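To start, the structure itself, in structure tokens.
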Amino acid sequence: MSQSIDQIDGITAAPPGTVLLHEAIAKGDLEQLITVPGKSDIVLQPQPSCDPNDPLNWSLWRKVLNFSLAAFYALWVYTILDIGTVAYGVWNEELGISYDNLSNSYATNTAALAVGGIILIPLTLKYGRRPMYLVTSLALTLSAVWMAKSRVVGDFIGSNLVSGLAGAVGDTIVQLTIADLFFVHQRGTMNGIYVLMVNLGVFAAPVASGFIMQAQGWPWMYWYCVIFTGLTFLAMLFFYEETKYTAPVINAAQPQQQTITTDADKLNDKDKKNNLRTMGTNTSMPQNQQLGTDWIDHSIPMNSYLQRHRLISATPGTLKQFIQMVLRPFVYLYCFPAVAYVSLQYGCILSLFAVVGNSQAAIFSLPPYNFGPVALGLMSIPALIGAIIGSVYGGPLSDWLILILSKRNNGIYEPEFRLYLCLPPAFLGPAGLLLYGIGATAGLPWIAPFCGIGLFGFALASVSNLSLVYLYDSYLDILGGALVAVTVVRNGLATVIVFAFNPWVTGMGYRNTFILCAMLALVSMLTAIPMIIWGKTFRIKFADKYRHYATEDSTEAPVRM
């Protein structure tokens, strides 16, 4: 037992994100910790309440249904946002719209994505996930109607503006749903599924669009979006349950409960063991008894269908608090290095892939390739293959890795454990950009740039998944605001890069442009190394500031981790 006591000093004042995930220490002494049924050595984090209405306690089928609807929502968001690039050549020929104006319409979309998130995400935190899913899925349906009827530059810019505003919560709201429903050891896999659905929209949808354009004309690629987004809206209306959970007041957890701040040097061994039992345990749990695998209080009535599907789930909060929520993401960028890291990492890699997408029609529709709409659509297949592999690499593999590393770390999980997997993609992604850019401009056989796209697709899916899960493992209580910061930086970078892309190519040429892009990708992705080394130090240094903002700014009940 003395060895386990020695570990307590390091976790009684644990920074946000550091949790007991594996009962490798003090086994048999943690009677009050809830573990995975059938796997008594894996601790559930965050610890669920005893309320059967807590989304963490929902049955598997309810979780699968709600997450599936959210995942399909993400699929159609990114389908509408990304299929247009396949039609650039056709729009240029049939409608006489220049590539510069088409790029500007795309940049308008990315700017709307950045601006929309600043307001819509705080509204999601304030009023619930369900109303935002419904409003934005309906708006996306209407924007697809407008896109199908677009014939002049103004229509393309206007429809892209609406779809960008509606899709602004596409990233954040699904990740909030994952945090609502799943535990730490499941988040990598679930986020991997989300990233896969995003990449199906980004890469697979253009393949289908190419065939649709050839068989039925380009408007029909948007009419199909109208059909499927409309069906998604109806499915959300009748089947998606609100996952935002506010515990009853008598069971409410205290914001600082997961990080005990008592000076460990002043504790005797008995006090330390008691504190270890307390860490990670929800105050709503019955005390002084073995929890077993059934911790739910069945005397608490289940919510009715109408209660579970209510339109609004507002939580108390003043206007001042809401304004703070709107402005706070910019503070988070300055105060928390993890937020700045994920914003730069995620933003840079997605922006650079936007460059790849915007360059394909201009490069491959000309000799020596002479690709038509179908062939341009097929260019997304290697990226999709890479993204599927990357989703598995950054999802289930990362969940497996953190259990192994936590066990070796005396049961303690550190969010930085996931970042070790960021290192291989940090080299494969830039190599893919070089192969694509240099190969295409040199007129190499199509297989060379296709392989480059596949490598970069792998890096995109794996790094984005690992970075996002690292963020909400580290700062779950301020996740909404942190994701606003990530969204603003990501789409801000994309807007600047897309607007600057044509002048950039004019001044440097495609070859040198992609060499520079590869260097930018390498530098941004290698920032994982300082986070692996100093990430925990940063979390410790800014822990008090994190708890302050989590308590002051949130219009939701404190999150249990």
Legend entry - Solvent-accessible area per residue, Å², over region 291-382 with all protein chains present [probe radius 1.4 Å]: 46
Inset, instruction - For a label point 7 Å from the Cα of ALA215 along Cα→C-beta, name the residues of region 81-110 whose backbone N is under 18 Å from it. - result: 87
Legend entry - Relative contact order, percent, the chain [alpha-carbon distance under 8 Å, six or more residues apart]: 27
Legend entry - Kirkwood Rh and Cα Rg combined as Rg over Rh, evaluated for the chain: 0.99
Legend entry - 0 to 90° range, to nearest 10: angle between helix 205-216 axis and the chain longest Cα axis: 40
Inset, instruction - Would you mind getting the accessible area per residue of region 137-234, heavy atoms of the protein chains only, 1.4 Å probe, in Å²? - result: 32
Legend entry - Radius of gyration, Dmax [region 29-148; alpha carbons; angstrom]: 21.6, 73
Legend entry - Rounded to 10°, Cα long-axis angle of helix 380-394 versus longest principal axis of the chain: 10
Legend entry - Carbon/sulfur fraction of accessible area - the chain, other protein chains in place, 1.4 Å, %: 67
Legend entry - 0 to 90° range, to nearest 10: angle between helix 129-149 axis and the chain longest Cα axis: 0
Inset, instruction - Kindly provide log₁₀ I(q)/I(0) values, in the same order as q = 0.14, 0.29, 0.31 Å⁻¹, from the Debye equation applied to equal alpha-carbon scatterers of region 319-358. - result: -0.46, -0.87, -0.91
Legend entry - Simple spin-label estimate for SER98 and GLU552 in nanometres, 7 Å along Cα-Cβ: 4.9
Legend entry - Neighbour cut-off at most 13 other Cβ (10 Å), DSSP loop, chymotrypsin sites (Phe, Trp or Tyr not before Pro), region 324-358: none
Inset, instruction - Could you tell me, in Å, what Rg and Dmax come out for the Cα atoms of region 68-210? - result: 15.8, 52
Inset, instruction - Could you give log10 I(q)/I(0) at q = 0.12, 0.18, 0.24 Å⁻¹ for region 353-445, computed by the Debye formula over C-alpha point scatterers of equal weight, without solvent? - result: -0.54, -0.87, -1.24
Inset, instruction - Counting only C-alpha contacts under 8 Å and six or more residues apart, can you give the relative contact order of region 431-484 as a whole percent? - result: 29
Legend entry - C-alpha center-to-center spacing [region 300-356, region 502-524] in angstrom: 32
Legend entry - Anisotropy class of region 472-548 from Cα gyration tensor, a/c 1.5 cut: oblate
Legend entry - 1.4 Å probe accessible area per residue over region 482-538, in Å²: 42
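The values are calculated or read from the model by the stated rules, or taken from the named source; none is laboratory data. Nothing here was measured: the structure is a model prediction, and the numbers come from that model. Neighbour counts are summed over all protein chains in view; Cβ atoms, including those assigned to glycine, are modelled from backbone coordinates with ideal geometry. Quick note on the areas: whole protein, heavy atoms, side chains included, nothing else; ligands and nucleic acids left out. Shrake-Rupley method; radii C 1.70, N 1.55, O 1.52, S 1.80 Å.
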